[in-house]
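The values are calculated or read from the model by the stated rules, or taken from the named source; none is laboratory data. Note that this is a predicted model, so its numbers are computed, not measured. Neighbour counts are summed over all protein chains in view; Cβ atoms, including those assigned to glycine, are modelled from backbone coordinates with ideal geometry. Remember, those area values only see protein heavy atoms, side chains included, never the ligands or the DNA or RNA. Shrake-Rupley method; radii C 1.70, N 1.55, O 1.52, S 1.80 Å.
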Amino acid sequence: MHGITIDQAMVSVPESPPQPLRAAILAWYDAHARRLPWRVSPAARAAGSRADPYRVWLSEVMLQQTTVAHATPYFVAFSRRWPTVEALAAADEAELMAAWAGLGYYARARNLIACARKVAGQLGGVFPDQEADLRALPGVGGYTAAAITAIAFDQPANVLDANIERVVARLFAVEAPLPAAKAELAQLAQGLVGPERPGDWAQALMDLGALVCTPAAPACERCPAAGACRARRLGPETYPRRSPKAARPRRHGAAFLLLNEDEVALVRRPPKGLLGGMLALPTSEWRARPWADAEAVAEAPAAADWRAAGEIDHVFTHFALTLRVFRAEGDWPEAIWTPLAGLEAMPSVFLKAARVGLLAQPQLL
DNA sequence: CATCCGTGGAA
DNA sequence: TTTCCAAGGAT
């Protein structure tokens with residue numbers, strides 16, 4: 001195939017649309033597209049099937065900064081339990097937050113229900129088909145609005161996710177580091193978008209990035225764009241360049257596992273901020289300096305015979321946390337008493353701490 | 001533009 | 001073990 005030439009690639013945006021390159025990538029997608037629960041296959045789309053905007057939106061929100069493998073079971077559970085935007089709008093908020101537990105970035109769940117209520121209540125249950133209107137919905141940013149426009153409505157949009165950033169950075173050997181290079185990558189990606197099959201085009205580039213043009217050890221020999229790729233001879237795995245990341249500090253805290261019969265005392269975290277709105281174990285403050293046991297127990301939510309019951313490490317986006325776990329039996333009227341089976345409604349960090357604390361006393365399992 | 005916001009699989 | 005990073009958004 002003859003893709004774009006070096007001369008074309010040297011300018012910021014190719015003068016003419018690289019149609020053979022697009023055709024090669026779409027043909028690759030027809031043969032190798034991933035089959036995903038929220039996706040209409042290229043064959044089905046060619047036969048006239050259209051994606052359900054609700055399912056496209058739900059999947060896109062779940063996939064924000066989240067791997068397909070991690071998000072998929074959540075998508076299956078959510079779409080079965082709340083099959084329409086009206087159903088999701090009517091969901092009990094605590095149940096929705098519990099169902100989201102473990103998926104992370106919990107502001108997404110808060111925005112999810114806010115968005116569903118806006119669409120169901122003010123927009124007649126119909127998702128907007130214009131990018132600017134989608135962009136105005138809670139939790140829908142530039143990427144997600146473009147993705148819904150392309151995938152659900154099959155309208156041209158400049159979809160730029162981490163996969164496409166990587167593909168474009170390699171195709172044009174972009175030397176500027178992310179995240180500053182994002183505008184340049186967006187311009188280059190826009191130059192590739194054509195009028196044909198906008199939804200398949202976006203998903204083709206994402207699948208190409210996920211299956212072939214991978215972060216490490218890209219399979220260039222299987223790439224339909226290899227002939228046009230400037231980075232292929234320059235070390236494709238070194239693109240995109242990235243600015244150095246800030247070091248991740250460590251914080252220390254104590255978590256308290258208060259048991260009463262076979263129930264655990266939980267709290268609801270404040271509605272915003274880290275793990276906002278989620279069920280949680282009561283904890284001390286999380287600070288830079290480690291806690292001595294006696295000092296930590298003074299922070300416990302109720303007076304009891306607290307015993308050290310282990311320690312966990314957990315990594316958040318911008319800090320690492322060491323959590324010492326203390327366990328006791330007792331009462332605490334203000335608690336949200338929850339049976340052991342209900343602990344999975346908590347974010348992973350607390351589930352991890354609860355498991356450590358319970359395993360220190362196996363008869364409670 | 002910088003910071004905050006989760007999680008877990010892979011290397 | 002550490003490091004990277006994934007279908008980003010809000011402020």
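The residue A:272 and residue A:31 beta-carbon pair, evaluated with R₀ = 41 Å, returns a calculated FRET efficiency of approximately 0.35.
Once the other residues with Cβ under 14 Å from the Cβ of residue A:195 are scored (Lys, Arg +1; Asp, Glu -1), what is the net sum?
Values: positive: A:22, A:197; negative: A:154, A:196, A:200.
That works out to -1.
Each Cα pair under 8 Å and six or more residues apart adds its sequence gap; the mean of these over the residue count of chain A is a relative contact order of 17 percent. The label point for residue A:94 and the one for residue A:183, both projected 7 Å from the Cα toward the Cβ, are 4.8 nm apart.
Rounded to the nearest 10 degrees, the inclination of helix A:107-122 to the longest alpha-carbon principal axis of chain A is 70 degrees. Comparing A:347, A:224, A:301 in a Gaussian network model of chain A, where Cα atoms under 10 Å apart are tied by springs, the biggest mean-square fluctuation is seen for A:301.
In this structure residue A:30 has an accessible area near 80 Å², from a 1.4 Å probe over the protein heavy atoms. Rounded to the nearest 10 degrees, the angle from helix A:182-192 to the longest Cα principal axis of chain A is 40 degrees.
Between A:261, A:299, A:184, the GNM of chain A built on Cα springs shorter than 10 angstrom shows A:261 fluctuating the most.
Summarising the label geometry, the points placed 7 Å from Cα in the beta-carbon direction at residue A:341 and residue A:133 lie 4.4 nm from one another. Nearest 10 degrees is fine. How inclined is helix A:68-81 to the longest principal axis of chain A, computing both from alpha carbons? The angle comes out at about 70 degrees. What does the C-alpha gyration tensor say about the overall shape of region A:197-289? Classify as rounded when a/c is under 1.5, otherwise prolate if a/b is larger than b/c, or oblate. Prolate, because a/c is 1.5 or more and a/b exceeds b/c. Each label point is 7 Å from the Cα along the Cα-to-Cβ direction; what then is the distance between the points at residue A:77 and residue A:43, in nm? My value for the distance between the label points is 3.2 nm.
Largest GNM mean-square fluctuation across A:87, A:354, A:51, computed for chain A with C-alpha springs under 10 Å, falls on A:87.
If you take the square roots of the eigenvalues of the alpha-carbon gyration tensor of region A:261-365 and sort them as a ≥ b ≥ c, do you get rounded (a/c under 1.5), prolate (a/b over b/c) or oblate?
Working: a/c = 1.37, a/b = 1.14, b/c = 1.20.
Taking the square roots of the gyration eigenvalues as a ≥ b ≥ c, region A:261-365 is rounded.
For residue A:245, a cut-off of 20 angstrom between C-alpha atoms picks up these aspartates and glutamates, skipping any fewer than 8 places away in its own chain: A:161, A:165, A:175, A:237.
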